[in-house]
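The values are calculated or read from the model by the stated rules, or taken from the named source; none is laboratory data. None of these values were measured; they are calculated from a predicted model. Cβ placement follows ideal geometry from the backbone for every residue including glycine, while neighbour counts extend to all protein chains displayed. For the accessible areas, the whole protein counts, side chains as well, though only heavy atoms, and no ligand, DNA or RNA atoms are used. Shrake-Rupley method; radii C 1.70, N 1.55, O 1.52, S 1.80 Å.
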Amino acid sequence: MAWLSFVSGGCRSGKSDYALKKAYEFSQLNLGEPVFLATCPKIDSEMDQRILRHQGARDPMIWRTIEEAYDLQSAITSLAGERNVKSVVLDCLSLWVNNLMYRSPSIAEAEIEQECEAVLKACKDLEGSVHFVSSEVGLGLVPGSGESRRYRDLLGLANQIFARDADEAIFLVSGLPLKLK
């Protein structure tokens with residue numbers, strides 16, 4: 001069973017850097033390969049620049065990158081068969097929930113819960129660590145549109161599920177980690 005870490009925080013809080021550092025350390029201690037599981041779809045030139053910035057933070061000679069916007073369960077299950085994989089950074093749950101909503105605009109809380117549980121179940125067959133990165137979007141104003149409020153609610157539910165099952169939960173504020181559990 002994989003050791004699970006849930007890393008959340010606001011935009012540009014340092015979540016990804018924190019998760020990358022911890023996953024790399026874990027892979028080095030366990031003599032294995034770190035894998036970056038990216039959920040961000042390429043949608044426009046501005047997002048392409050963000051993707052390039054994130055890619056620049058990972059040495060391609062060390063990190064393997066897998067891009068999967070929807071089926072995280074299958075992506076993790078495929079890694080479980082690779083004994084050299086010792087740590088996975090899944091970045092990020094926020095975009096994954098967004099992608100699921102885009103693919104199925106009427107997706108319900110029960111479906112999000114099932115998707116989350118399936119991903120967590122797949123982690124049971126991994127031998128290393130999985131570091132889930134997600135944004136905290138519920139600390140600000142109530143969004144002005146129904147779709148935005150639904151996204152906030154669905155992501156909040158997903159965050160609760162992953163944080164609940166994680167061995168560790170960290171909240172990043174201005175680059176500083178706060179240990180929640």
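Given the DSSP H assignment, sum -39500 (n - 2.57) over each helix run of at least 4 residues in the chain and divide by its residue total; what's the result at 222 nm in deg cm²/dmol, nearest 500?
After summing the helix terms and dividing by residue count, I get -14500 deg cm²/dmol.
The accessible surface of region 1-158, taken with every protein chain in place and a 1.4 Å probe, is 53 percent carbon and sulfur.
Give the shape of region 87-141 as rounded, prolate or oblate, defined through the alpha-carbon gyration tensor: a ≥ b ≥ c are the square roots of its eigenvalues, a/c under 1.5 means rounded, and otherwise the shape is prolate if a/b is larger than b/c and oblate if not. It would help to have the intermediate numbers written out before the result.
Numbers: a/c = 2.32, a/b = 1.41, b/c = 1.65.
Note, shape of region 87-141 comes out oblate.
Here the contact order of region 83-162, divided by its residue count and restricted to Cα pairs under 8 Å and six or more residues apart, works out to 49 percent. Surface listing: Cys40, Cys11 arranged by accessible area from highest to lowest gives Cys11, Cys40, probe 1.4 Å.
In terms of its C-alpha gyration tensor, region 74-173 has a prolate overall shape, because the principal axis ratio a/c (a ≥ b ≥ c, square roots of the eigenvalues) is not below 1.5 and a/b outweighs b/c.
Note: relative contact order over the chain, using C-alpha pairs below 8 Å and six or more positions apart, is 39 percent.
Tally Lys and Arg at +1 and Asp and Glu at -1 over the other residues with C-beta under 14 Å from the C-beta of Pro177: what net charge comes out? Within the 14 Å Cβ shell, the charges total +1.
Working from label points 7 Å from Cα in the Cα-to-Cβ sense, the Ser106 to Asp17 distance is 4.4 nm. In the chain, the DSSP beta bridges split such that about 15 percent are antiparallel, to the nearest 5.
Assuming a ≥ b ≥ c are the square roots of the Cα gyration tensor eigenvalues, decide whether region 8-84 counts as rounded (a/c under 1.5), prolate (otherwise, with a/b larger than b/c) or oblate. Judged from the Cα gyration tensor, region 8-84 comes out oblate (a/c at least 1.5, b/c at or above a/b). Rolling a 1.4 Å probe across the protein heavy atoms gives region 2-49 an accessible surface of 50 Å² per residue.
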